[in-house]
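Asks: Let me begin by handing over the structure; questions about it come next.
The values are calculated or read from the model by the stated rules, or taken from the named source; none is laboratory data. These figures come from a predicted structure and were not determined experimentally. Note that we place each Cβ from the backbone using ideal geometry, even for glycine, and neighbour counts take in every protein chain shown. Heads up: the accessible areas ignore ligands, DNA and RNA and are worked out on the full protein's heavy atoms, side chains in. Shrake-Rupley method; radii C 1.70, N 1.55, O 1.52, S 1.80 Å.
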Amino acid sequence: MLRNNSISTSEVDLDSVDSSPLQVKISDALSEKDKVKFTIQTTTGMPEFQKSEFSVMRFHEDFIWLHDVIQDNPLYAGFIIPPKPQTPDFLSSQEKLQKLGDADSGVLTKEEYTKVKQELEAEYLAIFKKTVAQHEVFLQRLTSHPVMKNDRNFHVFLEFESELNVRGKNKKEKLVGIFSSFQKTGDGLLLSSTQKDVDDFFEQEKNFILDYNQQLKDSSLKADKATSAQKGLADNYIKLSSAILNIASVESPGLEAFLTKLSDTLEKIRKSESRLAADQDLKLTDCLKYHCLDTAAAKDLLFRRLRCLANYEKANKELDLARTRNKDVAVAENRQSEACSTFEKLSTSAKAELAMQKKGRVEHMRSNMQQLVEFEVKNGKAHSEVLRQAIRDIREM
(Lines give C-alpha, C1' and ligand atoms only; values in the text may rest on other atoms or scores of the structure.)
Protein backbone atom coordinates (compact mmCIF):
# COMPACT_ATOMS: atom_id res chain seq x y z
CA MET A 1 0.00 0.00 0.00
CA LEU A 2 2.26 2.77 -1.25
CA ARG A 3 4.90 1.47 1.16
CA ASN A 4 7.63 3.49 -0.54
CA ASN A 5 5.59 6.44 -1.61
CA SER A 6 7.33 9.78 -1.97
CA ILE A 7 5.99 13.26 -2.42
CA SER A 8 7.58 16.58 -3.34
CA THR A 9 6.88 20.06 -2.02
CA SER A 10 5.18 21.04 -5.26
CA GLU A 11 2.30 18.70 -4.34
CA VAL A 12 1.94 20.00 -0.81
CA ASP A 13 -0.15 22.92 0.37
CA LEU A 14 2.10 25.79 1.35
CA ASP A 15 0.21 28.73 2.76
CA SER A 16 3.03 31.07 3.62
CA VAL A 17 6.23 32.20 1.98
CA ASP A 18 9.06 32.98 4.38
CA SER A 19 11.39 35.80 3.39
CA SER A 20 13.42 35.65 6.63
CA PRO A 21 17.16 34.83 6.77
CA LEU A 22 16.15 31.28 7.76
CA GLN A 23 13.98 29.42 5.24
CA VAL A 24 12.98 25.80 5.78
CA LYS A 25 10.89 23.48 3.63
CA ILE A 26 10.16 19.77 3.39
CA SER A 27 11.33 18.93 -0.11
CA ASP A 28 10.52 15.23 0.00
CA ALA A 29 8.99 12.57 2.23
CA LEU A 30 9.14 8.80 2.17
CA SER A 31 6.66 6.48 3.85
CA GLU A 32 8.16 3.33 5.32
CA LYS A 33 5.54 1.01 6.81
CA ASP A 34 4.22 2.98 9.81
CA LYS A 35 6.85 5.74 9.67
CA VAL A 36 7.42 8.79 7.52
CA LYS A 37 10.91 10.09 6.81
CA PHE A 38 11.07 13.78 5.89
CA THR A 39 13.79 15.49 3.87
CA ILE A 40 14.23 19.00 5.28
CA GLN A 41 16.02 21.63 3.20
CA THR A 42 17.36 24.78 4.84
CA THR A 43 18.57 28.01 3.24
CA THR A 44 19.98 30.62 5.57
CA GLY A 45 22.20 33.65 5.89
CA MET A 46 22.50 33.32 9.67
CA PRO A 47 26.13 33.12 10.87
CA GLU A 48 25.26 30.48 13.49
CA PHE A 49 25.12 27.84 10.78
CA GLN A 50 28.21 26.34 9.12
CA LYS A 51 26.66 26.31 5.64
CA SER A 52 24.17 28.45 3.80
CA GLU A 53 22.31 25.48 2.31
CA PHE A 54 21.92 21.96 3.69
CA SER A 55 19.40 19.14 4.08
CA VAL A 56 18.76 16.43 6.67
CA MET A 57 16.44 13.44 7.16
CA ARG A 58 14.09 13.47 10.14
CA PHE A 59 11.31 11.24 11.54
CA HIS A 60 8.06 12.30 13.20
CA GLU A 61 9.52 11.50 16.64
CA ASP A 62 12.24 14.09 15.98
CA PHE A 63 9.58 16.77 15.48
CA ILE A 64 7.90 15.80 18.76
CA TRP A 65 11.25 16.00 20.57
CA LEU A 66 11.87 19.48 19.14
CA HIS A 67 8.41 20.67 20.19
CA ASP A 68 8.83 19.33 23.73
CA VAL A 69 12.28 20.86 24.35
CA ILE A 70 11.04 24.24 23.13
CA GLN A 71 7.87 24.02 25.18
CA ASP A 72 9.83 23.09 28.33
CA ASN A 73 12.32 25.95 27.92
CA PRO A 74 11.51 28.63 30.55
CA LEU A 75 12.99 31.30 28.27
CA TYR A 76 9.97 30.86 26.01
CA ALA A 77 7.32 31.13 28.73
CA GLY A 78 6.09 34.39 27.20
CA PHE A 79 5.62 32.93 23.72
CA ILE A 80 2.89 30.92 22.01
CA ILE A 81 4.49 27.56 21.25
CA PRO A 82 3.42 26.28 17.80
CA PRO A 83 1.24 23.14 18.00
CA LYS A 84 3.16 19.92 17.47
CA PRO A 85 2.45 17.98 14.26
CA GLN A 86 -0.15 15.25 14.65
CA THR A 87 0.98 11.61 14.55
CA PRO A 88 0.66 10.22 11.00
CA ASP A 89 -2.38 7.91 10.85
CA PHE A 90 -2.08 5.46 7.99
CA LEU A 91 -3.58 2.51 9.89
CA SER A 92 -7.19 3.11 8.84
CA SER A 93 -6.33 3.10 5.12
CA GLN A 94 -4.06 0.06 5.52
CA GLU A 95 -6.70 -1.85 7.49
CA LYS A 96 -9.35 -1.08 4.85
CA LEU A 97 -7.05 -2.42 2.13
CA GLN A 98 -6.33 -5.56 4.13
CA LYS A 99 -10.05 -6.17 4.68
CA LEU A 100 -10.56 -5.66 0.98
CA GLY A 101 -8.62 -8.86 0.31
CA ASP A 102 -7.79 -9.63 -3.30
CA ALA A 103 -9.70 -9.48 -6.56
CA ASP A 104 -10.41 -13.23 -6.55
CA SER A 105 -11.96 -13.32 -3.08
CA GLY A 106 -15.49 -13.04 -4.51
CA VAL A 107 -16.50 -10.26 -2.10
CA LEU A 108 -16.38 -7.66 -4.87
CA THR A 109 -16.40 -7.83 -8.63
CA LYS A 110 -13.11 -7.05 -10.37
CA GLU A 111 -14.42 -3.64 -11.40
CA GLU A 112 -15.52 -2.82 -7.84
CA TYR A 113 -12.24 -4.10 -6.42
CA THR A 114 -10.19 -1.90 -8.78
CA LYS A 115 -12.25 1.20 -8.00
CA VAL A 116 -12.23 0.64 -4.22
CA LYS A 117 -8.48 0.03 -4.28
CA GLN A 118 -7.94 3.26 -6.23
CA GLU A 119 -10.11 5.11 -3.73
CA LEU A 120 -8.14 3.76 -0.76
CA GLU A 121 -4.83 4.61 -2.40
CA ALA A 122 -6.10 8.14 -3.05
CA GLU A 123 -7.16 8.38 0.61
CA TYR A 124 -3.73 7.19 1.71
CA LEU A 125 -2.03 9.76 -0.51
CA ALA A 126 -4.28 12.54 0.85
CA ILE A 127 -3.28 11.61 4.43
CA PHE A 128 0.35 11.54 3.33
CA LYS A 129 0.14 15.04 1.83
CA LYS A 130 -1.62 16.32 4.94
CA THR A 131 1.09 14.85 7.17
CA VAL A 132 3.82 16.59 5.19
CA ALA A 133 1.95 19.92 5.29
CA GLN A 134 1.44 19.76 9.08
CA HIS A 135 5.10 19.09 9.76
CA GLU A 136 6.19 21.86 7.40
CA VAL A 137 3.88 24.42 9.00
CA PHE A 138 5.37 23.61 12.41
CA LEU A 139 8.90 24.30 11.14
CA GLN A 140 7.86 27.48 9.34
CA ARG A 141 6.25 28.81 12.52
CA LEU A 142 9.58 28.39 14.30
CA THR A 143 11.63 29.96 11.51
CA SER A 144 9.34 33.00 11.36
CA HIS A 145 9.55 33.62 15.11
CA PRO A 146 12.12 36.31 16.01
CA VAL A 147 13.39 34.45 19.10
CA MET A 148 12.65 30.74 18.73
CA LYS A 149 14.39 30.59 15.35
CA ASN A 150 17.65 31.11 17.28
CA ASP A 151 17.06 28.11 19.55
CA ARG A 152 20.13 25.85 19.70
CA ASN A 153 18.07 22.65 19.66
CA PHE A 154 16.26 23.89 16.57
CA HIS A 155 19.61 24.48 14.86
CA VAL A 156 20.74 20.95 15.78
CA PHE A 157 17.49 19.59 14.37
CA LEU A 158 18.08 21.41 11.07
CA GLU A 159 21.83 20.99 10.71
CA PHE A 160 22.96 17.72 12.36
CA GLU A 161 23.48 15.35 9.43
CA SER A 162 23.13 12.03 11.27
CA GLU A 163 19.93 10.67 12.80
CA LEU A 164 18.98 12.29 16.10
CA ASN A 165 17.94 8.91 17.56
CA VAL A 166 15.56 10.56 20.01
CA ARG A 167 13.66 8.16 22.23
CA GLY A 168 9.91 8.29 22.32
CA LYS A 169 8.15 8.50 25.66
CA ASN A 170 7.52 5.18 27.41
CA LYS A 171 4.22 4.27 29.07
CA LYS A 172 5.24 5.68 32.44
CA GLU A 173 6.31 9.01 30.93
CA LYS A 174 3.10 9.20 28.89
CA LEU A 175 1.06 8.56 32.05
CA VAL A 176 2.99 11.26 33.91
CA GLY A 177 2.31 13.60 30.96
CA ILE A 178 -1.42 12.86 31.14
CA PHE A 179 -1.53 13.57 34.88
CA SER A 180 0.50 16.75 34.36
CA SER A 181 -1.97 17.86 31.71
CA PHE A 182 -4.88 17.24 34.09
CA GLN A 183 -3.06 19.13 36.84
CA LYS A 184 -2.31 22.05 34.50
CA THR A 185 -5.98 22.16 33.44
CA GLY A 186 -7.08 22.11 37.08
CA ASP A 187 -4.60 24.84 38.03
CA GLY A 188 -5.76 26.91 35.10
CA LEU A 189 -9.42 26.63 36.10
CA LEU A 190 -8.56 27.44 39.72
CA LEU A 191 -6.47 30.46 38.78
CA SER A 192 -9.11 31.70 36.34
CA SER A 193 -11.75 31.60 39.05
CA THR A 194 -9.67 32.93 41.97
CA GLN A 195 -7.07 35.24 40.38
CA LYS A 196 -8.39 38.59 39.17
CA ASP A 197 -6.42 40.04 36.28
CA VAL A 198 -5.17 43.59 36.75
CA ASP A 199 -5.14 44.27 32.99
CA ASP A 200 -8.46 44.59 31.13
CA PHE A 201 -6.74 43.75 27.83
CA PHE A 202 -5.70 40.28 29.00
CA GLU A 203 -9.04 39.67 30.70
CA GLN A 204 -10.82 40.38 27.41
CA GLU A 205 -8.31 38.25 25.49
CA LYS A 206 -8.84 35.35 27.88
CA ASN A 207 -12.63 35.48 27.50
CA PHE A 208 -12.34 35.74 23.73
CA ILE A 209 -9.87 32.84 23.41
CA LEU A 210 -11.89 30.56 25.70
CA ASP A 211 -15.05 31.18 23.68
CA TYR A 212 -13.27 31.10 20.31
CA ASN A 213 -11.49 27.84 21.13
CA GLN A 214 -14.81 26.19 21.97
CA GLN A 215 -16.35 27.50 18.74
CA LEU A 216 -13.41 26.08 16.78
CA LYS A 217 -13.86 22.68 18.45
CA ASP A 218 -17.54 22.58 17.53
CA SER A 219 -16.87 23.78 13.98
CA SER A 220 -14.07 21.26 13.39
CA LEU A 221 -16.30 18.39 14.55
CA LYS A 222 -19.10 19.46 12.20
CA ALA A 223 -16.65 20.00 9.32
CA ASP A 224 -15.26 16.52 9.95
CA LYS A 225 -18.76 15.05 9.74
CA ALA A 226 -19.44 16.95 6.50
CA THR A 227 -16.17 15.70 4.99
CA SER A 228 -16.93 12.12 6.04
CA ALA A 229 -20.36 12.40 4.41
CA GLN A 230 -18.71 13.70 1.22
CA LYS A 231 -16.32 10.72 1.24
CA GLY A 232 -19.25 8.38 1.84
CA LEU A 233 -21.04 9.88 -1.17
CA ALA A 234 -17.98 9.24 -3.33
CA ASP A 235 -17.79 5.63 -2.09
CA ASN A 236 -21.45 5.05 -2.90
CA TYR A 237 -20.84 6.05 -6.51
CA ILE A 238 -18.52 3.03 -6.79
CA LYS A 239 -21.32 0.62 -5.89
CA LEU A 240 -23.85 2.45 -8.05
CA SER A 241 -21.54 2.54 -11.06
CA SER A 242 -20.69 -1.17 -10.73
CA ALA A 243 -24.35 -2.15 -10.28
CA ILE A 244 -25.39 -0.29 -13.44
CA LEU A 245 -22.49 -1.87 -15.34
CA ASN A 246 -23.69 -5.32 -14.23
CA ILE A 247 -27.19 -4.52 -15.51
CA ALA A 248 -25.69 -3.39 -18.81
CA SER A 249 -23.98 -6.75 -19.27
CA VAL A 250 -27.32 -8.60 -19.35
CA GLU A 251 -29.39 -5.99 -21.17
CA SER A 252 -30.20 -5.69 -24.86
CA PRO A 253 -27.54 -4.07 -27.07
CA GLY A 254 -29.59 -0.89 -27.41
CA LEU A 255 -29.74 -0.28 -23.69
CA GLU A 256 -26.30 -1.70 -22.96
CA ALA A 257 -24.49 1.23 -24.57
CA PHE A 258 -26.59 3.74 -22.61
CA LEU A 259 -26.04 2.01 -19.25
CA THR A 260 -22.32 1.61 -19.91
CA LYS A 261 -22.05 5.33 -20.61
CA LEU A 262 -24.07 6.11 -17.48
CA SER A 263 -21.75 3.91 -15.41
CA ASP A 264 -18.70 5.65 -16.86
CA THR A 265 -20.21 9.06 -16.06
CA LEU A 266 -20.90 8.08 -12.46
CA GLU A 267 -17.30 6.90 -12.13
CA LYS A 268 -16.05 10.31 -13.30
CA ILE A 269 -18.39 12.01 -10.83
CA ARG A 270 -17.05 9.72 -8.11
CA LYS A 271 -13.48 10.86 -8.77
CA SER A 272 -14.62 14.48 -8.72
CA GLU A 273 -16.47 14.06 -5.41
CA SER A 274 -13.48 12.24 -3.92
CA ARG A 275 -11.12 15.11 -4.84
CA LEU A 276 -13.59 17.60 -3.40
CA ALA A 277 -13.74 15.66 -0.11
CA ALA A 278 -9.93 15.67 0.08
CA ASP A 279 -9.83 19.43 -0.56
CA GLN A 280 -12.47 20.09 2.11
CA ASP A 281 -10.58 17.93 4.58
CA LEU A 282 -7.29 19.78 3.99
CA LYS A 283 -8.52 23.35 3.58
CA LEU A 284 -11.45 23.43 6.00
CA THR A 285 -11.36 20.64 8.59
CA ASP A 286 -7.59 20.65 9.08
CA CYS A 287 -7.50 24.45 9.15
CA LEU A 288 -10.09 24.54 11.95
CA LYS A 289 -8.34 21.75 13.89
CA TYR A 290 -4.99 23.53 13.61
CA HIS A 291 -6.31 26.82 14.94
CA CYS A 292 -8.11 24.96 17.71
CA LEU A 293 -4.69 23.66 18.82
CA ASP A 294 -3.10 27.08 18.27
CA THR A 295 -5.66 28.89 20.44
CA ALA A 296 -5.13 26.19 23.09
CA ALA A 297 -1.44 27.18 23.03
CA ALA A 298 -2.53 30.81 23.53
CA LYS A 299 -4.61 29.69 26.52
CA ASP A 300 -1.47 28.10 27.98
CA LEU A 301 0.38 31.38 27.55
CA LEU A 302 -2.35 33.30 29.39
CA PHE A 303 -2.26 30.68 32.15
CA ARG A 304 1.51 31.14 32.54
CA ARG A 305 1.04 34.90 32.76
CA LEU A 306 -1.70 34.49 35.35
CA ARG A 307 0.62 32.24 37.35
CA CYS A 308 3.32 34.96 37.23
CA LEU A 309 0.74 37.50 38.43
CA ALA A 310 -0.16 35.24 41.36
CA ASN A 311 3.53 34.86 42.22
CA TYR A 312 4.00 38.64 42.03
CA GLU A 313 1.07 39.33 44.36
CA LYS A 314 2.33 36.66 46.75
CA ALA A 315 5.78 38.30 46.73
CA ASN A 316 4.13 41.65 47.56
CA LYS A 317 2.37 40.13 50.55
CA GLU A 318 5.57 38.47 51.75
CA LEU A 319 7.41 41.81 51.45
CA ASP A 320 4.73 43.59 53.50
CA LEU A 321 4.95 40.86 56.13
CA ALA A 322 8.77 41.07 56.20
CA ARG A 323 8.64 44.85 56.68
CA THR A 324 6.09 44.49 59.46
CA ARG A 325 8.32 42.00 61.24
CA ASN A 326 11.48 43.87 60.21
CA LYS A 327 13.03 40.54 59.23
CA ASP A 328 14.59 39.35 55.93
CA VAL A 329 13.45 42.55 54.23
CA ALA A 330 16.27 42.55 51.65
CA VAL A 331 15.52 38.95 50.62
CA ALA A 332 11.81 39.72 50.27
CA GLU A 333 12.56 42.85 48.25
CA ASN A 334 14.74 40.85 45.84
CA ARG A 335 12.01 38.24 45.40
CA GLN A 336 9.41 40.91 44.84
CA SER A 337 11.63 42.67 42.30
CA GLU A 338 12.30 39.43 40.40
CA ALA A 339 8.61 38.50 40.39
CA CYS A 340 7.68 41.98 39.15
CA SER A 341 10.30 41.89 36.40
CA THR A 342 9.23 38.39 35.27
CA PHE A 343 5.57 39.37 35.20
CA GLU A 344 6.15 42.60 33.25
CA LYS A 345 8.41 40.92 30.68
CA LEU A 346 5.97 38.08 30.16
CA SER A 347 3.05 40.51 29.85
CA THR A 348 4.90 42.54 27.21
CA SER A 349 5.85 39.50 25.14
CA ALA A 350 2.40 37.93 25.57
CA LYS A 351 0.69 41.04 24.19
CA ALA A 352 2.95 40.97 21.11
CA GLU A 353 2.43 37.22 20.67
CA LEU A 354 -1.35 37.48 20.80
CA ALA A 355 -1.32 40.26 18.21
CA MET A 356 0.99 38.24 15.97
CA GLN A 357 -1.19 35.15 16.34
CA LYS A 358 -4.35 37.08 15.45
CA LYS A 359 -2.74 38.47 12.31
CA GLY A 360 -1.43 35.07 11.26
CA ARG A 361 -4.77 33.39 11.97
CA VAL A 362 -6.69 35.86 9.83
CA GLU A 363 -4.24 35.51 6.94
CA HIS A 364 -4.12 31.71 7.15
CA MET A 365 -7.90 31.28 7.36
CA ARG A 366 -8.52 33.76 4.56
CA SER A 367 -5.98 31.97 2.35
CA ASN A 368 -7.49 28.54 3.09
CA MET A 369 -11.07 29.66 2.54
CA GLN A 370 -10.13 31.40 -0.71
CA GLN A 371 -8.38 28.28 -1.99
CA LEU A 372 -11.30 26.08 -0.90
CA VAL A 373 -13.77 28.27 -2.79
CA GLU A 374 -11.53 28.11 -5.87
CA PHE A 375 -11.44 24.31 -5.58
CA GLU A 376 -15.22 24.19 -5.17
CA VAL A 377 -15.77 26.34 -8.26
CA LYS A 378 -13.26 24.33 -10.29
CA ASN A 379 -14.86 21.07 -9.16
CA GLY A 380 -18.35 22.37 -9.93
CA LYS A 381 -17.33 23.36 -13.47
CA ALA A 382 -15.70 19.97 -14.05
CA HIS A 383 -18.79 18.23 -12.69
CA SER A 384 -21.08 20.20 -15.01
CA GLU A 385 -18.85 19.47 -18.01
CA VAL A 386 -18.95 15.73 -17.27
CA LEU A 387 -22.75 15.82 -17.27
CA ARG A 388 -22.91 17.93 -20.46
CA GLN A 389 -20.56 15.55 -22.23
CA ALA A 390 -22.63 12.57 -21.06
CA ILE A 391 -25.80 14.18 -22.47
CA ARG A 392 -24.07 14.87 -25.79
CA ASP A 393 -22.78 11.27 -26.02
CA ILE A 394 -26.20 9.81 -25.17
CA ARG A 395 -27.92 11.96 -27.82
CA GLU A 396 -25.48 10.70 -30.43
CA MET A 397 -26.27 7.03 -29.68
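Asks: How large is ³J(HN,Hα), in whole Hz, for each residue of segment 295-302 in order, when computed from phi with the Karplus curve 6.51 cos²θ - 1.76 cosθ + 1.60 and θ = phi - 60°, using x for Gly and Pro?
Replies: Karplus-based 3J(HN,Hα) across segment 295-302 equals 5, 5, 5, 5, 4, 4, 4, 5 Hz.
Asks: Quickly work out the Lys378-to-Asn207 label distance, labels modelled 7 Å from Cα along the C-beta direction, and quote it in nm with one decimal.
Replies: Rounded to a tenth, the inter-label distance reads 4.3 nm.
Asks: Give me the distance in nm between label points sitting 7 Å out from Cα along the Cα-to-Cβ direction at Met46 and Gln195, one decimal.
Replies: 3.1
Asks: Would you please state the base-10 log of I(q)/I(0) at q = 0.17, 0.25, 0.29 1/Å for segment 224-283, with intensities from the Debye formula using one equal scatterer on every alpha carbon?
Replies: Those come out to -0.57, -0.88, -1.04, one per q.
Asks: Using only the alpha carbon atoms of segment 219-351, find the Kirkwood hydrodynamic radius as the inverse mean reciprocal pair distance, in angstroms to one decimal.
Replies: Values: mean 1/r = 0.0487 Å⁻¹.
One decimal place: 20.5 Å for the Kirkwood radius.
Asks: HN-Hα J couplings of segment 127-143 from phi, Karplus 6.51/-1.76/1.60, θ = phi - 60°, integer Hz, Gly and Pro as x?
Replies: Couplings: 5, 5, 4, 4, 4, 4, 4, 5, 5, 5, 4, 4, 5, 5, 5, 6, 5 Hz.
Asks: Set the Förster distance to 51 Å, then compute FRET efficiency between Arg366 and Asn165 from the Cβ-Cβ distance, nearest 0.05.
Replies: On the way: r = 41 Å, r/R0 = 0.80.
The value I calculate is 0.80.
Asks: Then there's this: Using all alpha carbons of segment 321-397, what is the percent of pairwise distances in each 5 Å bin, ordered from the shortest bin to the longest?
Replies: Result, from short to long distances: 3, 12, 8, 8, 7, 7, 7, 6, 6, 5, 5, 5, 4, 4, 3, 3, 2, 2, 2, 1, 0 percent.
Asks: Grab the Cα-Cα distance for Lys35 and Glu313, subtract it from 0.36 nm times how many residues apart they are, and report the gain in nm with one decimal.
Replies: Values: separation 278, 0.36 × 278 = 100.08 nm, distance 4.86 nm.
So the extension gain works out to 95.2 nm.
Asks: With θ set to phi - 60° and the Karplus curve 6.51 cos²θ - 1.76 cosθ + 1.60, what are the ³J(HN,Hα) couplings of segment 379-396 in order, to the nearest whole Hz, using x for Gly and Pro?
Replies: Couplings: 5, x, 5, 5, 4, 4, 5, 4, 5, 4, 5, 5, 5, 4, 5, 5, 5, 7 Hz.
Asks: Sticking with the crude label model, points 7 Å out along Cα→Cβ, report the distance from Val147 to Lys351 in nm, one decimal please.
Replies: Reported label-point gap for Val147 and Lys351 is 1.5 nm.
Asks: For segment 289-342, what's the relative contact order in percent, using C-alpha pairs closer than 8 Å and at least 6 residues apart? Don't jump to the answer; show the numbers that get you there.
Replies: Values: 20 pairs, mean separation 18.6, N = 54.
Relative contact order comes out at 34 percent.
Asks: I'd like the accessible area for His364: 1.4 Å probe, protein heavy atoms, all chains in place, Å² to the nearest 10.
Replies: 40
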